[in-house]
Amino acid sequence: MPRRPVAAALLIVALGCDARTDDVAPSPPAAPPSALASRIAAIALAEHALWHRPFIDENGRLASMTVAEAEGARLADGRTEAWRRVAAYWRESGLLWRMRAMPGAAECAYSPDDAAAIALCRTFLIDHPWSAAFVSWVMTKAGVPGFVASPGHVEFVAHAYRAPGGRPYRLTDPALEAPAAGDLLCFVRSAGEPLGHAGLRAFLDSHGDAALPMHCEIVAAVGQGRAHLVGGNVLQGVTLRVLHVNRLGRLWGLPQRTGLDPGCAPERPQACSFNRQDWAALLKLDPSLQAAAPPPLPSPPAR
């Protein structure tokens, strides 16, 4: 599928999403995104279109979903089966070798055609979250220099935190800085007490390279009072998320999870929102970076 860098300021029109500004003041003109940021955004949005454009609106409601990760249903190109596309994210990001000990990973390495191998590969795709593999795939395709692919989002965040001012990302507080195309917005998925930005930094300081369940999404466009993010393995697809921004371009009214949340339930629909998360990290892309040639992929494991 051809992919061409697109100015992120024009992407909102292509999305066809509601960009009303009756309740949020429009953002001031921002510096145009770099060519690399535009390339990241364009690749992410092309994948979203391929998955039939499911999205979560600014009220945190799933507005549409057509196919799911392990299905044999075709994506929007009419050719690609959903599960084969997810397998490609693992394979083409270079991450599948790190999962080689997991049942079904070896079968996913070869885009199998026989029924037994297909079943094993699809089981692997269901059992192992692929959202970080999707981010890694986009960054690999975009040629982001210095980006370290990982099957876990916390590694993206830790790398940005431990090399402040280094490339390609730096860790910032999503409440204090404005997101822009090519950035990553992340939340902590732990079921315990929310960490927030300060708690996340404290965790990274005290726990070294310990695992922490997280999820990051790619900022694809910001403007007209809205930020549009694209994430993989969001409700079993590549899904767009819409969030508010204020006139300074900062996230506005970001639904933050707290320890006092009443919990989503049929009798409390007002408490239900896919956007209410422990948003804790904004990874800002270095605007001076230029795309590099993607690194060669590791050889697949021997059968």
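The values are calculated or read from the model by the stated rules, or taken from the named source; none is laboratory data. Nothing here was measured: the structure is a model prediction, and the numbers come from that model. All Cβ positions, even for glycine, are placed from backbone atoms using ideal geometry, and neighbour counts span all protein chains on display. Areas reflect the complete protein model, heavy atoms only, side chains present, ligands, DNA and RNA absent. Shrake-Rupley method; radii C 1.70, N 1.55, O 1.52, S 1.80 Å.
For the range 96-112, the set of residues classified as closer than 21 Å to residue 68 by Cβ, in contact with a Phe, Trp or Tyr (Cβ under 9 Å, 6 or more places away or on another chain), part of a loop (DSSP other than H, G, I, E, B) and open to solvent by less than 40 Å² (accessible area, probe 1.4 Å) consists of 104 only.
The condition (being of a type in the set (A, V, I, L, M) and under 18 Å from residue 49 (Cα atoms)) is satisfied by just one residue among 101, 132, 68: 68. Within the option set 273, 288, being assigned to a loop (DSSP other than H, G, I, E, B) and surrounded by 14 or more Cβ atoms within 10 Å (Cβ to Cβ) holds for one residue only, 273. If only one of 187, 124, 156 is more than 28 Å from residue 258 (Cα to Cα) and of a type outside the set (Lys, Arg), which one is it? Within the list 187, 124, 156, the selection yields 124. Residues that are of a type in the set (A, V, I, L, M, F, W, C) and open to solvent by 70 Å² or more (accessible area, probe 1.4 Å) were ranked within the range 117-141; the one that is farthest from residue 82 (Cα to Cα) is 120. Restricting the range 158-178 to residues that are basic (Lys, Arg) and surrounded by 14 or more Cβ atoms within 10 Å (Cβ to Cβ) leaves a set whose member that is modelled with the lowest pLDDT is 167.
Of the residues examined, residue 206 is one that is more than 24 Å from residue 129 (Cα to Cα) and modelled with pLDDT of 90 or more. Is it the case that residue 200 is touching a residue at least 12 places away in the same chain (Cβ under 8 Å), open to solvent by less than 10 Å² (accessible area, probe 1.4 Å), under 26 Å from residue 144 (Cβ atoms) and in contact with a strand residue (DSSP E or B) (Cβ under 9 Å, 6 or more places away or on another chain)? In short, yes. When the range 242-268 is filtered for residues that are outside any loop (DSSP other than H, G, I, E, B) and not β-branched (Val, Ile, Thr), the ones remaining, listed by number, are 243, 244, 251, 256, 265, 268. Residue 226 falls short on exactly one of the conditions (1) free of Cβ contacts under 8 Å to residues at least 24 places away in the same chain; (2) within 30 Å of residue 85 (Cβ to Cβ), and that condition is (1). Within the range 206-229, the presence of a residue that is part of a helix (DSSP H, G or I) and under 22 Å from residue 178 (Cβ atoms) is excluded. Taking the range 204-221 as the range and being out of contact with any Ser or Thr (no Cβ under 6 Å at 6 or more places or on another chain) and open to solvent by less than 30 Å² (accessible area, probe 1.4 Å) as the test, the residues that pass are 204, 212, 214, 216, 217, 218, 219, 220, 221. Of the residues screened, residue 49 is one that is assigned to a helix (DSSP H, G or I), modelled with pLDDT of 50 or more and not basic (Lys, Arg). Under 6 Å between Cβ atoms, which residue pairs at least 6 apart in sequence (or on different chains) link something in the range 269-281 that is over 20 Å from residue 154 (Cα atoms) with a partner that is surrounded by 14 or more Cβ atoms within 10 Å (Cβ to Cβ)? Close Cβ pairs satisfying both conditions: 271/264; 272/264; 273/60; 273/255; 274/56; 274/60.
Residue-by-condition table, conditions (1) in contact with a helix residue (DSSP H, G or I) (Cβ under 6 Å, 6 or more places away or on another chain); (2) part of a loop (DSSP other than H, G, I, E, B); (3) touching a residue at least 40 places away in the same chain (Cβ under 8 Å); (4) not aliphatic (A, V, I, L, M):
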| site | (1), (2), (3), (4) |
| --- | --- |
| 124 | yes, no, no, yes |
| 136 | no, no, yes, yes |
| 145 | no, yes, yes, yes |
| 151 | yes, yes, yes, yes |
| 160 | no, no, yes, no |
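Does residue 191 count as assigned to a loop (DSSP other than H, G, I, E, B) and modelled with pLDDT of 95 or more? Taking the combined requirement at face value, the residue does not satisfy it. Checked against the criteria, residue 155 counts as of a type in the set (Asp, Glu), open to solvent by 10 Å² or more (accessible area, probe 1.4 Å) and in a helix (DSSP H, G or I).
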